[in-house]
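To keep things clear, I will list the structure first and then write my remarks on it.
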Amino acid sequence: MAQAYSPGLKCTENIILKKDRILPIKGKVKVKKGDKVVASDVVAETLLPGKVIPFNLANKLGIAPNLLEKYLKVKAGDTLEKGQTLAQTNGFFGLFKTEIKSPIDGEIENISKITGQMLLREPRIPIQVKAFIDGIVVEVIEEEGVIIENQSAYIQGIFGIGGETTGEIKMLISSPEEEIKPNQIDESCKDKIVVCGSLVSFDVIKKCQKVGVAGIITGGIDDHDLKKLLGYNIGVAITGHEEIGLSIVVTEGFGKINMSHKGFELLKKFNGHKASIHGITQIRAGVMRPEIIIPIKMTDEAVEKKAEMATLEIGTTIRVIRQPNFGLIGKVTALPEKLTKVESETMVRILEAKLENGETITIPRANVEVIES
Amino acid sequence: MAQKLKRIIATDCGSTTTKSILIEFVDGEYRQTIRGEAPTTVEKPLNDVTRGVVNAVTELEELARLKYGDDSISFIKDENIWLSEKENEGVDAYISTSSAGGGLQMMVTGVVAAMTGESAERAALGAGAIVMDLIASNDKRPNHEKIERIRNLRPDMILMAGGVDGGTTKHVAELAELVGAADPKPRLGSSYKLPVIYAGNNKARDIIKDTLADKTDLIITENLRPVLESENLGPARDKIHDLFMEHVMAQAPGYSKLMSWAKGPKDGKLVNIPIMPTPAAVGNIMQTIAKIEDIEVLGVDIGGATTDVFSVFTKDKIFNRTVSANLGMSYSISNVLATAGLDEILRWVPFDINESELRNMIKNKMIRPTTIPQKLEELILEQAIAKEALKYAFIQHKEFAVGLKGGQVKKDISEAFSTKTSGQSIVNMMTLDLLVGSGGVLSHAPRRNQSMMMVIDSFLPEGITKIAVDSIFMMPQLGVLAEISEKAATEVFEKDCLVHLGTCVAPVGKIKPNKIALSAKIELPNGEIFEENLLAGGLKLIPLGVGEIAKATLKPGKGLDIGAGKNQEIIAELTGGVVGIVLDTRGRRPFTLDRNTENRVQLLKKWMKEMQVYPESTYQM
């Protein structure tokens with residue numbers, strides 16, 4: 001049968017969404033099953049062990065490590081205050097004493113007679129995990145975190161930068177092809193998630209940073225601008241840790257590419273609604289893509305859609321995801337089974353499609369994605 | 001025992017795909033007859049690696065039934081792989097490798113980075129690990145930074161080396177204290193202690209026990225650098241493999257079951273065959289081939305995220321493996337651009353391209369890694385990027401594959417006045433016999449001539465070198481097969497795994513323009529004789545089929561060397577392949593490309609045309 005699997009990015013108006021909110025190490029869960037939470041609520045917290053500071057006490061006292069014990073004023077496990085005496089030599093007739101004081105508040109982890117090294121540990125560092133989305137706690141994983149569920153409009157991006165943030169959606173465009181100018185970003189964009197069109201330029205991003213925009217959603221971004229913005233080239237596709245004051249979700253790819261019609265319409269519909277977004281991207285086993293989550297009212301109708309495989313069939317709407325015709329949309333008209341030689345002489349399975357502009361094309365199946373209807 | 005093995009199934013569980021092959025004993029020899037694949041199922045929602053294995057083996061079963069027209073063929077019984085000692089029932093052995101879930105990730109420590117640190121790194125890499133970091137007493141980072149680093153890495157295990165036997169214990173003790181202070185947690189869960197292998201100074205064992213025995217799962221083995229002049233990597237590597245099985249694999253979903261399936265006959269009994277980390281298995285087959293055929297081998301596997309280089313050099317068959325963690329063709333493609341720079345990539349491209357367009361193309365490949373270059377231009381660009389990725393991975397390999405540093409070099413009388421020091425690269429392209437490429441961009445290039453060109457341009461083989469590609473990347477499975485039958489592994493390697501491309505002949509030395517670089521007389525098996533004086537700066541392709549041999553008399557140009565010394569003539573047998581013999585007089589040490597764009601493009605087109613790398617239309621671009 002002329003059918004094949006081709007993954008596409010999710011873009012849907014109504015989905016039951018579950019989010020794991022888990023601590024990096026064990027700690028305390030602050031909410032219980034059934035609790036309603038908002039994105040900014042702390043759902044779990046823990047204390048990370050403090051930094052360890054090695055401190056060569058024997059060297060500082062000018063003695064051999066095996067003699068250290070004689071001069072110690074503290075022992076392993078003791079709590080310390082900054083300035084507290086750690087060790088002291090007797091000196092000559094009570095003179096020329098050497099006294100070593102603690103450089104930090106904290107505790108003593110270990111004292112070594114072999115190396116003369118004392119390991120000091122700084123106080124513990126509190127870390128918190130927030131809900132990130134408005135929703136209901138449906139599961140508590142003891143000492144680790146929670147799973148939060150809500151009903152949302154949901155769009156997956158292809159690439160992003162910056163971590164989790166929330167804000168109101170603000171449409172700055174009236175069509176997916178539009179490209180906005182820096183002067184369109186003003187004070188009204190502060191703390192908002194602004195939707196730009198087919199390309200966001202370096203100057204626009206700079207202006208967004210200046211007015212305090214929370215996030216940007218765009219069809220495309222120029223790699224050159226991205227490098228300028230970050231100050232370095234992104235080498236491997238692991239992002240989300242960038243600290244640039246805002247998060248960017250790119251829905252289509254690099255270069256000027258029109259935002260998909262469906263994504264644009266969805267964002268337009270939810271203009272003014274609160275959304276949670278992040279730019280975290282990881283492209284290898286355990287793929288992670290940026291997300292735009294717009295919580296909507298819980299209804300009885302919403303049922304969790306089972307993950308279905310998007311299939312290619314005659315009539316399926318597809319989008320081209322590589323040159324030539326990158327970004328264009330069409331409908332599949334034929335799915336020949338045989339391997340076919342394309343311009344680069346690569347033997348591939350192809351499909352034929354009629355583009356929205358009327359042109360008929362032949363294209364490797366690997367170079368399209370299915371647009372779910 | 002080898003004769004009793006009639007049907008073997010081997011799988012390689014990768015991060016995304018589980019590949020299966022069927023090896024059968026047909027007409028007196030072992031052949032790989034059928035292959036299948038299925039998505040790996042180690043992650044959600046299935047969380048059980050054996051599901052993917054069963055799917056991939058089911059595909060083998062179905063294809064075998066079709067091929068032999070026999071519906072009774074069955075490899076699966078009760079959802080397990082069916083091992084049977086009876087004729088025509090199930091299979092005789094099942095073996096597997098695995099790199100799913102990110103493979104084996106290790107951290108190593110040593111006292112001096114360039115000595116015990118490097119030895120520890122070599123042991124870990126040889127065992128198939130990715131070395132996340134090397135912490136050494138002399139690595140210039142302050143101790144608190146080292147502790148932070150150890151704590152943040154979360155490796156699968158740590159290998160600690162340091163000190164020669166009987167030497168000073170202070171530095172090793174200090175390293176143990178740092179590891180203890182960091183109290184590192186294993187990557188795959190906090191329910192077990194992190195395995196730490198100590199393979200350093202034997203005098204420090206008690207100190208290490210005192211410091212680490214409570215906090216970690218400490219295993220002590222022989223010193224991997226007992227004296228500065230020699231390494232003893234075997235025991236540490238074996239311990240890494242044991243721990244990989246017992247700890248790391250046991251944590252991954254479904255692996256306990258998979259481990260119980262992997263069995264084969266050894267010394268007359270059906271015994272468990274350990275699952276190997278994929279790169280360790282590739283290293284195994286390369287070493288087996290080098291040993292059996294008494295040759296020097298260099299292999300490369302260029303993937304989406306990483307590029308592995310393996311080599312076996314010197315008469316002692318010293319094995320080295322390096323992983324260039326961030327050089328690859330999809331996930332890491334952007335890093336190739338960052339490493340090599342735009343100019344280095346564009347020097348292989350015979351047309352103009354706008355910088356911004358190229359940058360966006362590379363990034364789009366990174367975020368949509370499964371797409372295929374449809375346009376010829378994009379194929380040429382991807383292959384240009386591949387050349388640079390391979391070049392840099394090879395540079396890293398040469399820097400790592402060195403003689404031991406720190407020991408005394410024994411010099412004979414002829415070397416008394418030479419400046420030879422310890423720590424020189426043992427990679428010698430002139431003595432290299434076989435270069436094997438694998439990975440999508442090399443194995444699946446639309447024309448084999450493109451693979452040949454990529455390998456030659458990036459590795460710059462010297463003298464006479466055979467070149468091949470791994471047809472479907474079955475080296476991992478053959479590596480683990482070699483554990484139960486070297487004969488089966490080497491036969492399949494030679495007959496089904498390798499696609500012989502041909503032989504490259506390249507004189508070494510500074511070439512002079514318009515001077516003769518090589519005088520070649522080649523007697524082809526059909527009686528034809530190719531006889532020509534080749535000028536510097538050219539490439540010549542002479543077709544010679546797979547399995548064919550040509551007798552060649554090769555005389556290098558003035559001041560050049562083809563393997564027997566400067567100006568020395570060589571008589572040699574050249575092996576054919578799907579591409580043929582390539583006479584490369586473009587120069588080695590140095591190999592340079594014209595800085596002038598117009599001249600360079602003209603030359604590139606001339607070479608590409610001669611090598612029939614791309615369709616004719618390319619040369620009108």
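The values are calculated or read from the model by the stated rules, or taken from the named source; none is laboratory data. These numbers come from a predicted model, not from an experiment. FYI the Cβ positions are ideal-geometry reconstructions off the backbone, even for glycines, and counts take in every protein chain you see. Accessible surface is based on the protein model in full, side chains and every heavy atom, while ligands, DNA and RNA are left aside. Shrake-Rupley method; radii C 1.70, N 1.55, O 1.52, S 1.80 Å.
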Worksheet item: What number of residues in the range B:577-621 are part of a loop (DSSP other than H, G, I, E, B) and within 30 Å of the chain's Cα centre (by Cα)?
Response: 15
Item to complete: Please find, within the range A:138-171, the residue that is most open to solvent (accessible area, probe 1.4 Å) out of those that are outside any strand (DSSP E or B) and touching a Gly at 6+ places or on another chain (Cβ under 6 Å).
Response: A:163
Practice prompt. Report yes if some residue within the range B:293-305 is surrounded by fewer than 24 Cβ atoms within 10 Å (Cβ to Cβ) and over 21 Å from residue B:475 (Cα atoms); otherwise report no.
Written response: no
Item to complete: Show the residue pairs that are 6+ apart or on different chains and have beta-carbon atoms under 9 Å apart, the first residue being within the range B:366-388 and facing chain A (nearest Cβ under 7 Å) and assigned to a helix (DSSP H, G or I), the second being small (Gly, Ala, Ser) and open to solvent by less than 10 Å² (accessible area, probe 1.4 Å).
Response: B:366/A:237; B:366/B:332; B:366/B:334; B:367/A:237; B:367/A:253; B:376/A:344; B:378/A:344; B:379/A:344
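Quick check on my filter: what residues within the range A:79-119 are among the aliphatic types (A, V, I, L, M) and within 14 Å of chain B (Cβ to nearest Cβ)?
A:104, A:108, A:111, A:114, A:118, A:119
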Fill in: Meets criteria (charged (D, E, K, R), touching a residue at least 24 places away in the same chain (Cβ under 8 Å) and open to solvent by less than 40 Å² (accessible area, probe 1.4 Å)) for residue B:399
no
Practice prompt. Output the number of residues of the range B:315-327 satisfying the condition of being open to solvent by 40 Å² or more (accessible area, probe 1.4 Å) and in contact (Cβ under 8 Å) with a residue 40 or more places away in the chain.
Written response: 2
Response to the item:
Scanning the range B:108-133 residue by residue, the ones that are part of a strand (DSSP E or B) and more than 14 Å from residue B:325 (Cα to Cα) total 3
Fill in: Leading residue by the ranking (farthest from the other protein chains (Cβ to nearest Cβ)) among those in the range A:221-267 that are without any contact (Cβ under 8 Å) to a residue 24 or more places away in the chain and assigned to a helix (DSSP H, G or I)
A:265
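Quick one: in the range A:120-137, which of the residues that are assigned to a strand (DSSP E or B) and charged (D, E, K, R) is nearest to the other protein chains (Cβ to nearest Cβ)?
A:121
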Practice prompt. Tell me which of these residue B:338 doesn't satisfy, since it passes every other one: (1) open to solvent by 10 Å² or more (accessible area, probe 1.4 Å); (2) more than 26 Å from residue B:608 (Cβ to Cβ); (3) away from chain A (no Cβ under 14 Å).
Written response: (3)
Worksheet item: Within the range B:149-202, can you find the residues that are open to solvent by 10 Å² or more (accessible area, probe 1.4 Å), in a loop (DSSP other than H, G, I, E, B), of a type outside the set (Gly, Ala, Ser) and away from chain A (no Cβ under 12 Å)?
Response: B:164, B:165, B:187, B:188, B:192, B:193
Practice prompt. Filter the range B:239-253 for residues that are at pLDDT 85 or above and open to solvent by 20 Å² or more (accessible area, probe 1.4 Å) and give the result.
Written response: B:239
Discussion item. Anything in the range A:30-70 that is outside any loop (DSSP other than H, G, I, E, B), among the hydroxyl-bearing types (Ser, Thr, Tyr) and surrounded by fewer than 13 Cβ atoms within 10 Å (Cβ to Cβ)? List them, or say none.
Written reply: none
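Determine whether the range A:71-78 contains at least one residue that is in a helix (DSSP H, G or I), more than 14 Å from chain B (Cβ to nearest Cβ) and over 30 Å from residue A:288 (Cα atoms). It would help to see each step written out before you state the result.
Residues of the range A:71-78 in a helix (DSSP H, G or I): A:71.
Filter again for more than 14 Å from chain B (Cβ to nearest Cβ), leaving A:71.
In the following step, the residues that additionally are over 30 Å from residue A:288 (Cα atoms) were identified as A:71.
The answer is yes, given that some residue of the range A:71-78 is in a helix (DSSP H, G or I), more than 14 Å from chain B (Cβ to nearest Cβ) and over 30 Å from residue A:288 (Cα atoms).
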Worksheet item: Looking at residue B:265, is it in contact with a strand residue (DSSP E or B) (Cβ under 6 Å, 6 or more places away or on another chain), more than 14 Å from chain A (Cβ to nearest Cβ) and either within 20 Å of residue B:481 (Cα to Cα) or crowded, with 20+ Cβ neighbours inside 10 Å (or both)?
Response: no
Worksheet item: Can you pull out the residues in the range A:92-119 that are without any contact (Cβ under 8 Å) to a residue 12 or more places away in the chain and part of a loop (DSSP other than H, G, I, E, B)?
Response: A:93, A:94, A:96, A:97
Discussion item. Of the residues B:544, B:574, only one is outside any strand (DSSP E or B) and either over 19 Å from residue B:433 (Cα atoms) or under 28 Å from the mean Cα position of the chain (by Cα) (or both); which?
Written reply: B:544
Worksheet entry | Restricting the range A:174-197 to residues that are in a loop (DSSP other than H, G, I, E, B) and in contact (Cβ under 8 Å) with a residue 40 or more places away in the chain, the residue that is farthest from the other protein chains (Cβ to nearest Cβ) | A:175
Worksheet entry | Selection status of residue B:90, open to solvent by less than 20 Å² (accessible area, probe 1.4 Å) and within 19 Å of the chain's Cα centre (by Cα) | no
Worksheet item: Yes or no: residue A:216 within 26 Å of residue B:333 (Cα to Cα) and assigned to a strand (DSSP E or B)?
Response: yes
Item to complete: Among what's in the range A:204-213 and is among the β-branched types (Val, Ile, Thr) and part of a helix (DSSP H, G or I), pick the residue that is nearest to residue A:192 (Cα to Cα).
Response: A:211
Practice prompt. Only residues that are modelled with pLDDT of 95 or more and either open to solvent by less than 70 Å² (accessible area, probe 1.4 Å) or under 19 Å from residue A:258 (Cα atoms) (or both): list them for the range A:187-198, please.
Written response: A:188, A:189, A:192, A:193, A:194, A:195
Practice prompt. Please go through the range A:325-352 and pick out each residue that is in contact (Cβ under 8 Å) with a residue 12 or more places away in the chain, within 14 Å of chain B (Cβ to nearest Cβ) and touching an Asp or Glu at 6+ places or on another chain (Cβ under 9 Å).
Written response: A:325, A:326, A:327, A:328, A:349
